[in-house]
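Working notes, structure below.
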Amino acid sequence: MRVLRFHAPGDVRLEDAPEPTPGPREVKIRVRACSTCGTDVKITKFGHHHIHPPRVMGHELAGEVVEVGAEVAGGWAPGDRVQVIAAIPCGECGFCARGQMNICPNQVSMGYHFEGGFAEYTIVPDEVLRVDGLNRIPEGLSFAEASVAEPLACALNAQELVRIDEGDDVVVVGAGPIGCLHVRLARSYGAGRVFLVELSRERLEMAAALVHPEAAICAADEDPVARVRELTDGRGVDVAITAAASGAAQEQALQMLARGGRISFFGGLPKDRPTITLDSNLVHYSELTIVGANGSKPEHNKRALALIAEGKVPVADLITHRLPLEQALEGIGIVERGEGIKVTIEP
């Protein structure tokens with residue numbers, strides 16, 4: 001079979017590999033869709049400390065069960081359509097016991113510690129099955145749509161933490177695929193108005209044409225803080241979500257908040273520039289709430305699939321490119337250049 005395999009930073013190859021065989025506690029799936037994300041770009045360029053090469057990449061995956069190990073429970077059978085979690089908690093530590101599985105210190109991941117989804121076939125390990133991380137795809141949902149459940153699960157975790165109430169004004173900073181998902185998810189929570197801020201005019205226009213924010217603000221052309229304040233009659237927004245790996249975006253988004261506002265630092269910052277200048281008095285006197293957001297829990301993936309299937313958070317139109325496995329590197333390049341929203345590889 002064909003796979004996309006990471007060997008070293010700058011050395012990612014399409015190559016042949018033996019078709020895998022599942023162990024007694026594993027499930028083998030035929031990969032039907034594996035979406036790409038910015039993390040795939042980072043891995044191809046810089047590697048990752050959790051990846052010991054060679055490793056098949058890809059962590060946003062969906063497919064069809066073709067073989068089930070003899071000791072696997074759960075009623076799985078060949079032909080079942082499934083989505084697989086990316087981040088795998090241990091299910092046993094204190095954080096997992098308290099329901100904080102997304103910050104499990106023993107977490108492992110598909111495409112990092114285990115072979116990923118940029119392949120014709122892959123193995124769902126026992127670690128996934130033990131935490132109920134193999135999910136049935138709802139009737140009528142395509143494999144490509146199901147593969148987007150993983151990033152939506154991460155957005156779901158963030159918005160649960162930051163809390164969006166009925167009628168809230170929300171600003172999302174960053175118009176990539178995650179930003180688009182945040183816009184739609186905020187609406188599903190009953191947000192009143194959702195504004196979208198982005199530095200790239202081209203990327204902003206592409207995203208706005210799909211998710212239709214109440215205002216699309218290009219930070220390269222105007223002061224986004226002043227514009228958000230103007231749109232809210234000087235009050236500011238109730239919730240801000242920074243879906244960009246930018247310290248400047250975090251600093252600006254804090255200034256967009258109304259008194260009592262909440263902000264989600266969703267996008268992580270580069271490891272060589274992880275700090276920002278924080279006006280502590282602004283947080284203090286306006287009683288602002290700052291929350292982090294890291295990945296998702298297995299149950300978020302199930303709920304994300306349901307949100308997509310029920311039409312509450314549509315994703316089909318966000319998949320701007322569908323490419324065969326042979327063009328997976330080209331797909332990652334499209335992500336890096338910001339030429340699409342969601343790029344899905346269909347082996």
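Residues that are of a type in the set (D, E, K, R) and touching a residue at least 40 places away in the same chain (Cβ under 8 Å) were ranked within segment 338-347; the one that is surrounded by the most Cβ atoms within 10 Å (Cβ to Cβ) is LYS342.
Looking at segment 43-56, I want the residues that are among the basic types (Lys, Arg) and have a partner that is not in a loop (DSSP other than H, G, I, E, B) with Cβ atoms under 7 Å, at least 6 apart or on another chain. Which pairs are those? Close Cβ pairs (under 7 Å, with a partner that is not in a loop (DSSP other than H, G, I, E, B)) amount to ARG55/ARG5; ARG55/PHE6.
Residues considered: ALA226, ALA244, ALA209, ALA220. Of these, the only one that is surrounded by 16 or more Cβ atoms within 10 Å (Cβ to Cβ) and not charged (D, E, K, R) is ALA244.
State whether one or more residues within segment 316-337 are under 26 Å from VAL131 (Cβ atoms) and buried (at least 17 other Cβ atoms within 10 Å of the Cβ). No: segment 316-337 contains no residue that is under 26 Å from VAL131 (Cβ atoms) and buried (at least 17 other Cβ atoms within 10 Å of the Cβ). Total residues in segment 48-71 satisfying the condition of being touching a Lys or Arg at 6+ places or on another chain (Cβ under 6 Å) and more than 24 Å from LYS342 (Cβ to Cβ): the figure is 5.
Table: residues versus (1) in a helix (DSSP H, G or I); (2) surrounded by fewer than 11 Cβ atoms within 10 Å (Cβ to Cβ); (3) among the acidic types (Asp, Glu); (4) in contact (Cβ under 8 Å) with a residue 24 or more places away in the chain.
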residue: ARG262; (1), (2), (3), (4): no, no, no, yes
residue: PRO270; (1), (2), (3), (4): no, yes, no, yes
residue: ARG273; (1), (2), (3), (4): no, yes, no, yes
residue: THR277; (1), (2), (3), (4): no, yes, no, yes
residue: LEU282; (1), (2), (3), (4): yes, no, no, yes
residue: TYR285; (1), (2), (3), (4): yes, yes, no, no
residue: ILE290; (1), (2), (3), (4): no, no, no, yes
residue: GLY295; (1), (2), (3), (4): no, no, no, yes
residue: LYS302; (1), (2), (3), (4): yes, no, no, yes
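Of all the numbered requirements in (1) farther than 21 Å from GLU26 by Cα; (2) assigned to a loop (DSSP other than H, G, I, E, B), LEU161 misses one, and that requirement is (2). Number of residues in segment 254-274 that are at pLDDT 95 or above and over 26 Å from CYS180 (Cβ atoms): the value is 2. When segment 1-55 is filtered for residues that are among the basic types (Lys, Arg) and in a strand (DSSP E or B), the ones remaining, listed by number, are ARG2, ARG5, ARG13, LYS28, ARG30, ARG32, ARG55.
PHE114 meets the conditions (1) closer than 22 Å to CYS37 by Cα; (2) free of Cβ contacts under 8 Å to residues at least 40 places away in the same chain; (3) not assigned by TED's automatic domain parsing to the domain that holds ASP40 in every case but one. The failed one is (3). Within segment 1-28, the set of residues being under 30 Å from CYS180 (Cβ atoms), surrounded by 17 or more Cβ atoms within 10 Å (Cβ to Cβ) and touching a Phe, Trp or Tyr at 6+ places or on another chain (Cβ under 7 Å) comprises VAL3, LEU4, VAL12. Hey, among the residues in segment 64-107 that are touching a residue at least 60 places away in the same chain (Cβ under 8 Å) and on the phi > 0 side of the Ramachandran plot, which one's surrounded by the fewest Cβ atoms within 10 Å (Cβ to Cβ)? For segment 64-107, the residue satisfying everything is GLY99.
The values are calculated or read from the model by the stated rules, or taken from the named source; none is laboratory data. Just so you know, these numbers come straight off a predicted model, no measurement behind them. In this analysis, Cβ positions are derived from the backbone assuming ideal geometry, glycine residues included, and neighbour counts consider all displayed protein chains.
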